[in-house]
Amino acid sequence: MIKANGLVSITDCEKEDILRILDLAEQFEKNPNPHLLDGKLVATLFFEPSTRTRLSFETAVQRLGGRVIGFSDAATSSSSKGETLHDTIKMVSNYVDLIVMRHPVEGAARYASEVAGVPVINAGDGANQHPTQTMLDLYSIKKTQGRLNDLTISMVGDLKYGRTVHSLLMAMRYFNPTYNFIAPPELRIPEQYRIFCDDNHIKYHEDTDLNSVLKTSDILYMTRVQQERFTDPVEYEKVRNTYTLRNSMLDGTKDNLRILHPLPRITEIATDVDSNPKAYYFEQARNGVFARQAVICSILGLV
Amino acid sequence: MKASHTELIVRALKNGTVIDHIPADKLFKIVSILELDQLEQQITIGNNLESKKLGKKGVIKIADKVFKAEELNKLALLAPSARINIVENYEVVEKIDLSLPESVHEILQCVNPMCITNKQPVSTRFDLLDRKRGIFKCHYCERTVDLSEIVVK
Ligand SMILES: [Zn+2]
């Protein structure tokens, strides 16, 4: 359950939590500026830079009438002077009603939520969790498909390290999905997630060929394939080309197909896809503000 | 009936604890992690003994020693198949079945170098995720590990 001490991991969310957040997000989309956070102060502590995520959170807060303090990278924070995370969190929780934090170290947000006197929202802890990203992905799926149940979701690209993929995969377990995992052998979905699917009776299919799943998919969830995952640059170039979605490939796909991507994209979606009505990644980012408003107000008990 | 070699070792102990059915390759790891080399009491260690179940097994018997719960947890993590016999006056008075703890505080180290517990002064905590497969999950970084990968401090 989403606890009063914040939202650290999507694995803490039960089905009811997810549905409630998505309903609230829908209300915030209809009316994004209710003054629910009047007089409230939120800290955005970004121990590593992520302008996209920080702006999304700060927009969510300010549109609700709240105010923001914080820092945008570790160089301007006291941690650069060697202060422990414990001490920084203790200090900041004296000042604010809620902490939003991003940290390169995995488990940092869980730890912060245990020492802070105020709720903590995890805005990314290394390769581990980024639960509001998952909420906005779920919201985007529900909004574009009209439902969450019984969808065929194809996840493409870096399925080994892609935390957004892992979180979405786990969060969708309540909704009877069918997954296609499309990745080069080097970036195959890890065994623990295949076991997770088996344990939860989720149907899945693994392939290296993106074209093989395009016509049957409801959602195409594209991810970035990063060069640093490859020791051989030639192999990287090959993979990068194979996993690039081009507009021509969308001929004959389902009308309801929507293409999602956590952004920023590099080359995995060609720019000629952008004008296709099935491209949804920019609206997806906009949904992040509503999903975050929903999470913030829910945790603070304001809705 | 002729008593077997291992039974003789067990019976030779007057009061104390016998750890039997230790996989041979785990024996010295257990000695080191439970700091049995620091004990003052009489201790007998046998290894590479014949075992129908394990092929080769180890046995440790320690005079005048009863393991604490935390030590038993460490044992369960290192050698879940081991059997603990408490001996009083040459008789086995209690057999303890090792079972994996639901939650393990401090004694495991996270294998993930990017975990907060390896970066800052934060004590570790693991939760048992799957008893059958022996899989634990780090409470902080959420990395899962099975018994073959865990690092006991
Ligand atoms: Zn860890």
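Observations, loosely collected:
- Look at the stretch A:95-107: the mean tally of other chain Cβ atoms within 10 Å of its residues' Cβ atoms is 4.
- Summing Cβ point charges (Lys, Arg +1; Asp, Glu -1) relative to the Cα centre of chain A gives a dipole of roughly 600 debye.
- Relative contact order (%) - chain B, alpha-carbon pairs under 8 angstrom, separation at least six: 21 percent
- Heavy-atom surface analysis with a 1.4 Å probe gives segment A:132-285 a carbon and sulfur content of 48 percent of its accessible area.
- Accessible surface, per residue, of chain B when the full set of protein chains is kept, probe 1.4 Å, Å²: 57 Å²
- A:L41 versus A:N276: modelled label distance in nm, points set 7 Å from Cα along the beta carbon direction: 4.9 nm
- Sites A:D73 and A:V115, calculated FRET efficiency, Cβ-Cβ separation with R0 22 Å, nearest 0.05: 0.50
- Label-to-label distance, A:V303 versus B:A24, with points set 7 angstrom from Cα along the beta-carbon direction: 6.4 nm.
- Cut-off 18 Å, label 7 Å out along Cα→Cβ of A:R20, residues of segment A:271-303 by amide N: A:291-303
- Pairwise burial A:B, computed as accessible area of each alone minus the pair, summed, 1.4 Å, Å²: 1400 Å²
- Segment A:140-195-segment B:47-105 distance, computed between alpha-carbon centres (Å): 43 Å
- Proximal charge balance of A:P233 [Cβ under 14 Å; K/R count +1, D/E count -1]: -2
- Shape class for chain A: prolate, because the ratio a/c of the largest to smallest gyration tensor axis (alpha-carbon atoms, square roots of eigenvalues) is 1.5 or more and a/b beats b/c.
- Label-to-label distance for A:N149 and A:T231 is 4.8 nm, based on points extended 7 Å past Cα in the beta-carbon direction.
- Using the Cβ-Cβ distance between B:R133 and B:S81 with R0 set to 22 Å, the FRET efficiency works out to roughly 0.90.
- Amide H contacts for A:I269 (H built 1.01 Å from N in the peptide plane; partners 5 or more residues away or on another chain; cut-off under 5 Å): A:L245.
- For segment B:13-38, the residues whose backbone nitrogen is under 18 Å from a point 7 Å from the Cα of B:N48, taken along Cα to Cβ, are B:21-31.
- Value of relative contact order over segment A:12-71, rounded to a whole percent, pairs C-alpha under 8 Å and six or more apart: 41 percent
- Mean separation of Cα pairs under 8 Å and 6 or more residues apart, divided by the residue count, gives segment A:132-285 a relative contact order of 24 percent.
- Loop-located chymotrypsin sites (Phe, Trp or Tyr not before Pro) in segment B:73-149 (DSSP state other than H, G, I, E, B) with a sparse environment of at most 12 neighbouring Cβ atoms within 10 Å: B:Y90.
- A:S50/B:S32 FRET efficiency (R0 41 Å; Cβ-Cβ; nearest 0.05): 0.40
The values are calculated or read from the model by the stated rules, or taken from the named source; none is laboratory data. Keep in mind that this is a model prediction, so the values were computed, not measured. Every residue, glycine as well, gets a Cβ built from its backbone with ideal geometry; the counts of neighbours run over all protein chains shown. What goes into the accessible areas is simple: the full protein's heavy atoms, side chains included, and nothing from ligands, DNA or RNA. Shrake-Rupley method; radii C 1.70, N 1.55, O 1.52, S 1.80 Å.
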